[in-house]
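First up is the structure itself, then whatever we jot down about it.
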Amino acid sequence: TNLRGLPPETLLFLQKLQEFRITIEHPSMAPLQQMYQVVHSDESRLSLLIDGRTVQKYHVKHFSFKVDMPRHNVPENRRGLLTRTVTVALPLLDNDRTPAGRVFAYLPTESVSGMPFMINADFELAASRESLKFDSDWNKWIRHKVALAFVPAFLSLLREPGVLSTDPGECTFEPEAFRFLPTFETVDSYFNPVAKDIKALLATEPIIPLQGKGSDGDFFIPSQVGLASPALLDLLDAATSYPNLAKMQQQQQQQQEVTKTTRSTAQQQQTRGLVHRLLAERAFPVAGGGPSP
C-alpha cells in the first residue's frame, strides 16, 4: 500500500539511482505497474517522470563546503568527513503535486521548511528517521549553508526570461523567479535563519529591475531603488505623452545654450506651470503657493 503512494521525488537526490519500477500483484487489490525516472538535461536541470510522462521539472543548485565546525560538535558517525554539500531544487512547473518545502536527507523526510523550494543535505535525523533532529548542532551548522545554494539558483533564473513565464514578451528578465523568495509568514520557525540569510545575501545583489525607458536589462541592489506610487507612475506617463512637452523642453534647452546662465524666474514659473497643468489634466490636486514640484 505504501508503494502505491510513493512520490517520484524520492529519486530527486539519489545520485546513483536514476529509475525504478514498481510492480504490485495481489489478489486483494488492483495490479499496479509504474516506472519512475529522473532525467538530467544539464547540470542544473532535471525532470521527474512517471511512465514516461513529465510530472515536474527542477532548477537545481549545489553548494559544497568544508567541514570546519569544532570537532566536538561533529556527530561521531560524521567525523573524518572533509566536505559536505547542500542542494536546493526549485520546481519550474506550477502544479499541485509538488511537495513544496520538503526537506530531504537524500531521501524525503517528514520535515517541511515552508520554503517554496526543496532542500537536501546530510542532516541528522531523529531516531524514527522521519524528521530532522532539531537540537543537533550539526543540523544548525548546515542550515546556514542553504542560502549559499539558493541565491545562485535564484539569480540564474532571474536572468533567464521565459523559463517560468508562458509569454515573457519583450521582458529581459524572469519576473516569476521572485515567487521562490521565502516569506517569514510561511517559513517554519526552525528555518527562519535560512530566510534571514537569503535576505542578507540578496540585499547586496542587483536583483531589482527598473521600469522605464533606458532601464531595460539593468538591475539594481534593493537599497538603490524605491517603489513608486500609482499616482507618480500616472504623472510620469502623462509627462511622456504630453503633446507639447518635447517642444517646450527643446525651447528651454535652446534658451539655456544661448544665455549660458541659470533659468530666470520667468522660466522657473513656466516649468512650474507646465507641471501644474499636467497634474490638473490628470486630476491631481496641486497646493498653491508651495515649492515647485
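The values are calculated or read from the model by the stated rules, or taken from the named source; none is laboratory data. The structure displayed is predicted, hence computed values, not measured ones. In this analysis, Cβ positions are derived from the backbone assuming ideal geometry, glycine residues included, and neighbour counts consider all displayed protein chains. Heavy atoms of the whole protein, side chains included, go into the accessibility calculation; ligands, DNA and RNA do not. Shrake-Rupley method; radii C 1.70, N 1.55, O 1.52, S 1.80 Å.
Structure data summary
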| quantity | calculated |
| --- | --- |
| Failed condition for Glu25, given (1) at pLDDT 85 or above; (2) open to solvent by 20 Å² or more (accessible area, probe 1.4 Å); (3) in contact with a Pro (Cβ under 7 Å, 6 or more places away or on another chain) | (1) |
| Number of positions in the range 55-73 that are of a type outside the set (Lys, Arg) and either over 27 Å from Thr10 (Cα atoms) or open to solvent by 90 Å² or more (accessible area, probe 1.4 Å) (or both) | 6 |
| Failed condition for Ala238, given (1) open to solvent by less than 60 Å² (accessible area, probe 1.4 Å); (2) modelled with pLDDT of 90 or more | (2) |
| Residue in the range 1-22 that is modelled with the lowest pLDDT, counting only those that are part of a loop (DSSP other than H, G, I, E, B) and open to solvent by less than 60 Å² (accessible area, probe 1.4 Å) | Leu6 |
| Output for the range 100-151, where each listed residue is in contact with a strand residue (DSSP E or B) (Cβ under 9 Å, 6 or more places away or on another chain), open to solvent by less than 30 Å² (accessible area, probe 1.4 Å) and aromatic (Phe, Trp, Tyr) | Phe104, Phe117, Phe123, Phe150 |
| Where a residue in the range 124-139 is under 10 Å from Thr109 (Cβ atoms) and its partner, wherever it lies, is open to solvent by 100 Å² or more (accessible area, probe 1.4 Å), with Cβ under 8 Å and at least six apart | Glu130/Glu110; Ser131/Glu110 |
